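Participant: This structure is in structure tokens; I'll ask about it shortly.
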Amino acid sequence: MEREADSVKSKRSKKKHKTQTTRSYRKTEREVQMLLSQCGKVFGQQDSQESEARSLQFFHYSDANESAAISNRDKQRIDEVASSPNLAANFIQIELSEPPIVSPQLHRQLHRYDNSFLYTPGDRLHLPLQFIDGGSDLKPYQIRMLNRYLEEAKANGNGGKLSAGLVAQLTDSDSCRFIIDATLYRSNCPRLFKGVFLAPVPFAQFQGLPTSRCLKLCLKQLRFSAHPQFLEEHRLAQQLEDLYDLYMHNVKNKICKKLREELQIARNVAARLIDSSSHQQPQEQSSQLAAHIQRQLQLTQQLRIRYYAESTAQRVLLQRLLTQWAKLKELRKQQQFQCTRFRLSLRLVPPADLDASCSAWKERFEADLAEVYREHLEVYYHRRHIWSSEQSSVSHAKPPRKPQFAEIMESLKAEYERAFQDPEEPRVYLLRLPNDETTLHSRPSNEQLNPDRNYYLKLYLDDQFVAQTRSYRLEPDLHVDMNESLGVLLNRSHPEQLNIWLYEKSTITSHSRRLALMSTPLKVTERGKTVQKLAFQVAATSAAVRPKLAGDLYLHIDYYCPDGAISSDLDDIQKLPETVCQTFRADRLPMAATAAEVRATPRSPSDAGHVIAGPLIFAEQQLQLCGIAELLQNRRFQLLHSRHQQRNFHTKQLSFVPALEHEIVELEELEPHANVAQVLDPGTVWNPIDLHKHRGRKFLHLLYETITSQCVQRAKLLQTPLPLIQLLGDGLEQSTGWSALWRALCSLLFGQTAALPREPTWQPQPMCASDVVQQFNISLQVVRATGVPVRSRHILNVEQQVRRSSSTGTSSDLSASLFVTQTLMYSNVRPFITLSYGQRLCRSRTAEGSNPTWNEQLQLTGQPNDLREDLKISLFDEMVEQQYTDEAADIYQRVQCNWLGEYRVPMSSLLASRKFEGCIELSMPKVLVGYKRPLIESVTNISVEQYPEFKESVHLWFYLSIEPGCQVTPLQIGGLACAELPELQQFVRERRLELQQLLPHPQRYVEPLVCTSHGKRVCLTRLLEPVPLPNETQLERVCRFVSLLSPVRSQLDACQNFQGVWLDNQALLDSTWCSAKDLGVLLCNYMLSLGLECWLVLGLACPYGECTFVIYRQPESGDLLLVAPTTGKRYQLQDIFCPLTRVYSIVAAKNIYINIQTEERVSMTNFDVQNGECWLPLFNKRQEAPQCGIHKLDYVYKRSYELSQLQKHIERKIMKKISAWRTTRKTFWNRAFQPHLLRILSELENLSTSAGSRYDEPAYSEELEREYPNCRLYGFTMNFAYTNLAAISERIRTTCIHYNNNADVEFCVAVHINAYVNDVLSVWVFLLSIVPLVG
Amino acid sequence: MAEVHIIGQILKAVDFDEPHLYCKWSLQSGNAWRLVQGELQGQTHVSSHRLQNSSDFAQPLDIHLCTAAIQGWPRLLVEVYAVNVLQQCWPVGYGFAHMPSTPGAHRLEINTWKIAPNSWWQSIKERFGGGGTALHKTDLLYSGVERYKLLTRSSGKIIVELSLIFRKFEEYGVEFK
């Protein structure tokens, strides 16, 4: 205490500048000191001033330089305790700029976990206490304290001495106060530890302290020393290689030279010592010197011996090398080929100066000889000395022999010869030549069979797979040159071993074979590369499976810490030996020991999996009540969820879901599982073809709808000028503040509507015509018909037979004139016309003969319930059958109406074009059993030429009109985006204005920019381009194919017009639905790809309204022919029966020609487009027409689906329908005729395509009649493209074949389907009614 | 399959300064929860009270959830918006409440907060033009990660009346007394 007091005094005197402290600090410090002084007596006498200084010194120690001396004294007590060399380090300086001072020698200590290093306090005193008599009655805590200080003193390197004062103080018997010490002590640890965070991990998986290390591996090459392909040459070459490496190593290290120099030095020293010993006289020094000399001489001797040995070894090595090389060369020469690359070049340098080298050798030899002799002599004297001393005690012993100089010289000479080269011997320099591919000569061919072997390596750090090299080919010299380097940055875990597995890549399978393991422990090295050679060896298991393998892998391992500081900071902590570990952990942690064991042994990578302890589990999953999957599989949840989603038909309506799962199980049994999965099973419920057709139709509707709505929207946008200010206001909707306030004020003051008028979003309104046309009135003026088929003789005969059988007929028919009978004979048909729509029907009176005249108006009123149905004009033959009963008075007449043909007018086109007039060709059945074509000879005597109106088909003159019509608002496609160049658009616009002046009929102008199925406007000429054909190359077949694509007939749709949507080939063929105009485009494209010269005609056609036809030039005759794409029929240009009624323009791929002829009739129109008076080209040289780009040129047709199922369906449907329609009578089905009918049908398709449009009467009906003479047959074939089953039944219903009241009637139906690609099907139906003739 | 039925209504909003209010609400739950039936979010009508400082919504809630875990217990997030004469709306309250974890009837009071205007100009703007500051991401409503960046002002309360029915929790060892 006094010491401290005077130190303070001296300090105060020396203090020059005082550290400024704040008042609050002083105050708190004073309080603290007061508290301290109250509780302890240590600082009781110190005044507050001093304590402040102390605390100042405590905190500002380092910058008070001058007070160092004082502090030394001040802290002497601490010195005694800690005895630190540097006092300033007693405190942790809060100095941010300087790094903490750390004693450098304490870096990188080596620690071992061992019991011996652990200090366990004991009650036994470690140091002897000499001066205390009562050492035994020290209290245990005193002993412990003493021990502790002692240990600390030892550790600090003070020689383990405790200062006497301290010991006295500690051993003071009654001092228990030294524990209660108010002074603040801080023990000094020079080592600065860094905090390391370790993720909590089970002890078994703990891998060591985390540092980052970098491992760089450079795999040089692999060399096999045992291999199935191993040859003698390989062995030699490898030996040579090793020898050469060794030799070069020696040469490089210059061991001999170094040894020689050392030896020389040692000799010099010895000589000097001997020299000095001769000069110096003092006794004790001389004895010391003698010992020294002795040692030096011994050293010299050892060095010499070693030098000799080394030199000998090197020489031997060289000799071996040379002999091996000679052997290898010999072998190579012998076996005629060379599969190794090793080559050596020798250079012999004869000694330059033979005499000089001789003399040098001699000199050296003599020096050595002298030395050796002296040594021998020394040994001899020594032995002699011993012997003489022993002589006194033991008499029987030989005196040692004196060394013979000659012997010694001989032995030394021999040694010299072994070790050094002869003076005359030339020096040998070896040099390995670099590898040269040309030196390799291929092996004999029988060994060439061995395929190339490929090897690769897999690297594992411990068990962790790290990398895999590429696979390398095994060279013929059994080297695998890799030269691949890879780096691994290791954080945290430090592997102990590097395991490399050698794999052989199989050439046959993808699996590769694991061959051998090489492993090496990994040790941190300096930043330099260590070259290692890893050897592996695999014993042969069974010769075939695994041959013996051995080899070496040359690699450079560079394993270092990327930032040196970290590595030096951390101590090397090495594992204790296993046995020690066992003793440590034997009872407590058996797990860890096993884990360590497992890790210690390298494992093959395949079984590495099972060691990995359980998967990483998130706590969330562990805490779950059940798995999510279990929840999702819950039946009740599924039911409830699907009900909530409202997607499933079955669960949508579910009102009750049981609360308990076991109740649902029953429910599940009741309803099939399919209801959850899929409602619509296309395979069973829907025929795939039906599905295709349905989807195609849907697609087209959707397309039309979308484009319509888009058009309307765009048109609207174009019409309304842009509301600039309002738009601005709209944009400012989010803005708040003064503008909004102003608007609010305005609205308040002027009563303006504050809400901004918004553009109402356009709702697509279906363009439904049924809203427009509530009631319509169709009137059909039927004038006359020609070529109505007549009843065949068969039916006629029957009638006559019946009449004749009815005994004396009172009828006067037969008693008419000859003319009448003739007419009756051949034109015995009583046709009438019906007009029907839906369920409504209206018929004309019956006329007589095959060229009837009705001149009658048929009226039909009704509502267009569904525009999908067609208006039908049917031709019937009324057959009156008289039935005679027994009573003559009662005459029953039975009227039988036989359907002969029909004509269908799509309702939508009728509504659009209001009226149709002129002459139409009725579509007649190809085979009409019971009727035959009227022969012109049979009717009249006038020749055919003079009977111009007589055609081979049935024609009908008519006038059809509808009231009220419906004006279809054309699509405003002007608003759609245009794909053409702006110049072209401008040109077209100008041209239109020009043309509309010029045209005699303004409607003839068709806007050349049309809308495609993509909703863009393009020029019409782009539509014409050759497209892929549907596997047909015949023109007729192609026409047929096109005609079988069905025009969609649903609602009154503006899209079907010229202003509407033009489909490209993909959309059309995929959907198989289209509008009538698209068929023309498709046909024209097909003809173009067939190489025909053809044009597309835009005009009006009879049942379709706006429609396209195709004109093509027949290649044989050069005539132009007009083709109706909807029927596939061809017409002459002059044909007045052609359904084309108006021609607007002709489109070619290069130009558009607009009809400027005043003549409207098609038959009179000039079709020479080059004629400038008749046709006006739209495009000129200045503005060429754009071409191509719309159609998909690589369109691939799909095969149609399986048909047999559909055929059965149709057949069944027809039978079911007819049976259903015949409500009063039972329907009998006669299957006997079916094969016959089927045969006819199968021939008809070919006939229809080859015969073209000609109404040929085949011999089928007569053939049938002849075959079954006992029956009255009536039947017909029907042909149409397949759309759906309902359409078929509708068609059959209109034929009224089921209205046969004969009790004995039997029916027969046959269905044949002819399939084209893309589900385009032509359905042939043969319906036959058979009435057996009785009597 | 443990199930929760949440039946009740968002009754009203009280103590808000603004008279015309509507409330957007949504029910949020963890991954292990699945909606069986009902609407998980919605928006009430605009409501005001002539005499009191409260807006009655009486927005019905009927939600059926099922769960595989307790984690992610459902919570009701509410955002209260005020509407002014100009049909402008801005948020005046954010808040959320966890569903009570006991079955039975509950009355929840969800205290809400709104973003405080950070400048004099903004406060003026808010006062006159309407339009306070809205949260850019609504996940700030419930996640506390970035909340410390917000300066908020407490706003009114949303009162929710709920009755909860829990089914089959006892199968998984969760019992309600």
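Participant: Nearest 500 deg cm²/dmol is fine: what mean residue ellipticity at 222 nm does chain B get from its DSSP H runs of n ≥ 4 alone, each adding -39,500 (n - 2.57), divided by its residue count?
Facilitator: -1500 deg cm²/dmol
Participant: Of the lysine pairs in the range B:2-172, how many meet both conditions: Cα atoms under 15 Å apart, and a spacing of 8 or more in sequence or different chains?
Facilitator: 9
Participant: Once the piece of chain linking A:Leu1247 and A:Arg374 is laid out straight, how much longer is it, given 0.36 nm per residue of separation minus the C-alpha distance between them?
Facilitator: 300.9 nm
Participant: Where does each of A:346-358, A:285-297 land if you order them by average Cβ count within 10 Å, highest first?
Facilitator: Final packing ranking: A:285-297, A:346-358.
Participant: Projecting each Cα onto the charge dipole of the range B:2-172 (Lys/Arg +1, Asp/Glu -1 at the beta carbon, about the Cα centre), which of B:Trp90, B:Ile165, B:Gln9 comes out farthest on the positive side?
Facilitator: The Cα lying farthest towards the positive end belongs to B:Trp90.
Participant: Check cross-link reach from A:Lys533 to the lysines: straight Cα distance under 17 Å, and skip same-chain residues fewer than eight apart.
Facilitator: A:Lys216, A:Lys220, A:Lys458, A:Lys523
Participant: Report the FRET efficiency, 1/(1 + (r/R0)^6), for A:Gln468 and A:Ala550, where r is their Cβ-Cβ distance and R0 is 30 Å, rounded to 0.05.
Facilitator: 0.85
Participant: When only Cα pairs under 8 Å and 6 or more residues apart are kept, what is the percent relative contact order across the range B:2-172?
Facilitator: That works out to 31 percent.
Participant: How long are the semi-axes of the equivalent ellipsoid of the range B:2-172, defined as square roots of 5 times the Cα gyration tensor eigenvalues? Whole Å, largest first.
Facilitator: Here the semi-axes work out to 31, 18, 12 Å.
Participant: Now for a separate question. Which whole-Hz ³J(HN,Hα) couplings does the range B:87-95 yield from phi under the Karplus relation 6.51 cos²θ - 1.76 cosθ + 1.60, θ = phi - 60°, glycine and proline marked x?
Facilitator: Along the range B:87-95, the couplings run 6, 8, 9, 8, x, 10, x, 10, x Hz.
Participant: Which whole number gives the average, over all residues in A:624-636, of C-beta atoms from other chains lying within 10 Å of the residue C-beta?
Facilitator: 5
Participant: Here's another thing I want to ask about it. Return the average number of partner chain Cβ atoms within 10 angstrom of each residue Cβ along peptide A:640-648.
Facilitator: Mean partner shielding for this stretch: 2.
Participant: Between rounded, prolate and oblate, where does the range A:1211-1301 land on the alpha carbon gyration tensor, with a ≥ b ≥ c its root eigenvalues, rounded for a/c under 1.5, else prolate if a/b exceeds b/c?
Facilitator: oblate
Participant: At 0.36 nm per residue, and after removing the present C-alpha to C-alpha distance, how many nm does the segment from A:Gln1034 to A:Gln857 gain when stretched out fully?
Facilitator: Separation in residues times 0.36 nm, less the Cα-Cα distance, equals 59.4 nm.
Participant: Turning to a different aspect of this structure: What distance in nm separates the two pseudo spin-label positions at A:Lys333 and A:His382, each 7 Å out from Cα along the beta-carbon direction?
Facilitator: 5.3 nm
Participant: Also, I was wondering about something else. Of the cross-linked pairs A:Lys698/A:Lys1192; A:Lys915/A:Lys1150; A:Lys254/A:Lys327, which ones have a Cα-Cα span greater than 31 Å in the structure shown?
Facilitator: Violating the 31 Å limit, Cα to Cα: A:Lys915/A:Lys1150.
Every read-out reported here was derived from the displayed coordinates using simple, explicitly stated rules and does not represent laboratory data. Since the model is a prediction, treat every value here as computed from it, not as a measurement. With ideal geometry, Cβ positions are generated from the backbone for all residues, glycine too; neighbour counts draw on all protein chains shown.
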